[in-house]
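First the structure, in the form of structure tokens, and then the observations on it.
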Amino acid sequence: MNRYEKIFLGMIVFLTIGLIIFLNIDHSGHKMKFEEDRIIVNIDNIYIKDIQSVELLDDVFIGNKIKGTNTFTYLRGEFRLGNDTKGKVYVYNKSKPYIRIMAKDKVLIYNDKDSNETKETYNKLLSTYDISKTINVKKNVVSKDSKVKYNKKDSIIEIVSIMPVVIILVGTGIYSFKRKTPMHFWSGTTVKSEEISDIYAYNKANGIMWIVYGLSYLLILPIGFVFGEAICAIVTIILAIFGLVGLIICYNLIYKKYKV
């Protein structure tokens, strides 16, 4: 296997790894469900008889992730809540207020994507089980020392999974610019100089193709931040699968244009 084949194979491997990592991130939404004797949020549940307090808070403190998912838009899983306390967290970042439920053996911090929905969920929780008569209920509590701690170190996995792909694709484009002989596309093949009418223009076109495709992956993060993780996942699939098909079509057009 020559170095060109290794470059192409490495690109495919990194694309595959990046896609697998990204698609394994929890992109599903979360919503509190009310059953006869318990509340359920995704895989976690709390029995009503075990609830000790329910609070609607303007701010909460959420520390480092223990296990779960920490992205730009939401936190889901088990997190440290300070003073060696662990708790289950299902919150959308920058979406106040937060519902904090203290149970005998569990702490749950929750909110909906919309603040009004969170308040509706809180009121429904109280009214469905008539909780206010039996436990400590606090509403609109503000703690000056508390805040959501968005840990960028945990969320860096999204950037790390994308950047190798961008670097390889852009690097392939730059390499194409600098080649003196025609750039090839297919593994195990070569393009002879006598096949191409203008080697410089041919390599330049190939370089632009690879660089544009590589830089397009940088759109994933802002798209996810603005439109949500579901749209972000769709864009990733389009770039990884249909983007490769587009590369093949684009290369064939370039080859035909400069073929002698």
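The values are calculated or read from the model by the stated rules, or taken from the named source; none is laboratory data. Bear in mind that the values here come from a model prediction, so they are computed numbers and not experimental data. Don't worry about glycine lacking a Cβ; one is built from the backbone with ideal geometry, like all the others, and counts go over all protein chains shown. Quick note on the areas: whole protein, heavy atoms, side chains included, nothing else; ligands and nucleic acids left out. Shrake-Rupley method; radii C 1.70, N 1.55, O 1.52, S 1.80 Å.
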Working only within the range 94-113, note down all residues that are of a type in the set (A, V, I, L, M) and surrounded by 22 or more Cβ atoms within 10 Å (Cβ to Cβ). 99, 101, 109
Reported set for the range 74-93 where residues are open to solvent by 20 Å² or more (accessible area, probe 1.4 Å) and of a type in the set (A, V, I, L, M, F, W, C) is 81
Six or more apart or on different chains, Cβ under 7 Å: which pairs go from a residue in the range 49-77 that's in contact (Cβ under 8 Å) with a residue 12 or more places away in the chain and outside any strand (DSSP E or B) to one that's open to solvent by less than 50 Å² (accessible area, probe 1.4 Å) and of a type in the set (A, V, I, L, M)? Could you list them? 50/103; 60/109; 60/148; 61/81; 63/81; 71/25
Lone unmet requirement of (1) within 33 Å of the chain's Cα centre (by Cα); (2) crowded, with 20+ Cβ neighbours inside 10 Å for residue 191: (1)
What pairs come out if I take residues in the range 197-225 that are more than 13 Å from residue 171 (Cα to Cα) and open to solvent by less than 20 Å² (accessible area, probe 1.4 Å) and pair them with residues that are among the hydroxyl-bearing types (Ser, Thr, Tyr) and not in a helix (DSSP H, G or I) whose C-beta lies under 8 Å away, six or more apart or interchain? 224/71; 224/73
All positions within the range 164-187 that are over 20 Å from residue 218 (Cβ atoms) and of a type in the set (A, V, I, L, M, F, W, C): 183, 185, 186
Determine which member of the set 68, 18 is under 30 Å from residue 238 (Cβ atoms), at pLDDT below 90 and either in contact with a Cys (Cβ under 6 Å, 6 or more places away or on another chain) or open to solvent by less than 20 Å² (accessible area, probe 1.4 Å) (or both). 18
